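Enquirer: I have a structure here, written as structure tokens, and I will follow up with some questions on it.
Read-outs throughout are calculated quantities, based only on the coordinates presented, and are distinct from any laboratory measurement. As the structure is a computational prediction, the values presented were derived from the model and not from experiment. Using ideal geometry, Cβ is built from the backbone for each residue, glycine included, and neighbour counts are taken over all protein chains shown.
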Amino acid sequence: MKTKHTRGQRGLLEADLVHASLMEVERAGLEGFGLRCAARAIGCDVATLSYRFGSKEGLERAIAHRLHEEVAAPKSQLRWQARLTGLANAYRQVAKRYPNAFPLLLRFWTTGPRDMQISEEWHQALYDAGLREADIPPVACATYAAVLGVCSGEIGGLLDKPSVATLREIEGQSDLPLTKKLLPIFADLSDDEVFDTMIGILISGIETRAAKQGLRKKKPRTRKSKDS
């Protein structure tokens, strides 16, 4: 889906305003970001941004939609597992490319047409996996949140290797025998391994749920005997 390049005041393209605002978020972060800050960085007046986006939230929503536009739709001929994995990897790349703006994706239920199209692809993959329609919304929300959560953890430091100070703190505890035993594994754990494990768990969980639903569909109804 192509982005509409609508013009705002002074002939400024909306897409250019959003991109410049995104670059400002990446430069200075979300804390303190607002229309005035964005206008100063872009070189326009606040009224121009207010006219196009209405508010700070409207501009942030537009920035989030700009991030969604970097997620390519998977090829329809691929199996549903490959499609979901491809979407997850695409969001991981967006997180690495725009670490400061990425948290905006966790803020809005939807940001616009491109976001909705990605959701449609996600829902279709779950449907093709064999899930009932009633189960698709909760599973979609859970899996999408899991992917964004791991991506956020990777860029935010949650998946970093434990520091020397952290290791010492754990070693000083007397009630953490299993954690202490696992410390060497944590110390060698890579971001790729964590991400791939998350994807594997999501896929296997979806397959298990779909298989159980399939068994329930195939299970014949038991007819009561006349004597009962």
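Enquirer: Membrane-span-like helices in the chain: DSSP H runs reaching 24 Å or more (Cα, own axis), mean Kyte hydropathy at least -1.0?
Expert: Qualifying helices: 80-97, 136-156, 191-218.
Enquirer: Same structure again: For the pair residue 204/residue 19, report the inter-label distance in nm, with labels modelled 7 Å from Cα in the Cβ direction.
Expert: If labels sit at residue 204 and residue 19, their model points lie 4.4 nm apart.
Enquirer: Restricting to DSSP H runs of at least four residues, report the calculated mean residue ellipticity at 222 nm for the chain, -39500 (n - 2.57) per run over all residues, nearest 500 deg cm²/dmol.
Expert: -21000 deg cm²/dmol
Enquirer: What translational diffusion coefficient, to the nearest whole µm²/s, does the chain have by Stokes-Einstein, given a Kirkwood radius computed over alpha-carbon pairs, a temperature of 20 °C and 1.002 mPa s viscosity?
Expert: This corresponds to a translational diffusion coefficient of 103 µm²/s.
Enquirer: For residue 136, what is the net charge nearby, where nearby means another residue's Cβ is under 12 Å from its Cβ and Lys, Arg count +1, Asp, Glu -1?
Expert: Here the count lands on -2.
Enquirer: Where Lys and Arg each count +1 and Asp and Glu each count -1, what net charge lies around residue 183 among other residues with Cβ under 14 Å from its Cβ?
Expert: +1
Enquirer: While we're looking at this one, here's another question. Which of rounded, prolate or oblate describes region 9-68 when judged by the alpha-carbon gyration tensor and an a/c cut-off of 1.5?
Expert: Here region 9-68 falls in the rounded category.
Enquirer: I would also like to ask the following. Please give the net charge around residue 92, taking every other residue with its beta carbon less than 13 angstrom from that of residue 92, where Lys and Arg add +1 and Asp and Glu add -1.
Expert: Once all neighbours under 13 Å are counted, the net charge is -3.
Enquirer: Another question, if that's okay. Just to be sure I understand the model, the point goes 7 Å from the Cα along the line to the Cβ. What's the resulting residue 166 to residue 182 distance in nm?
Expert: If labels sit at residue 166 and residue 182, their model points lie 1.3 nm apart.
Enquirer: Compute the distance in nm between two label points, each set 7 Å from the Cα along the Cα-to-Cβ direction, one at residue 173 and one at residue 146.
Expert: Those two pseudo-labels are separated by 2.5 nm.
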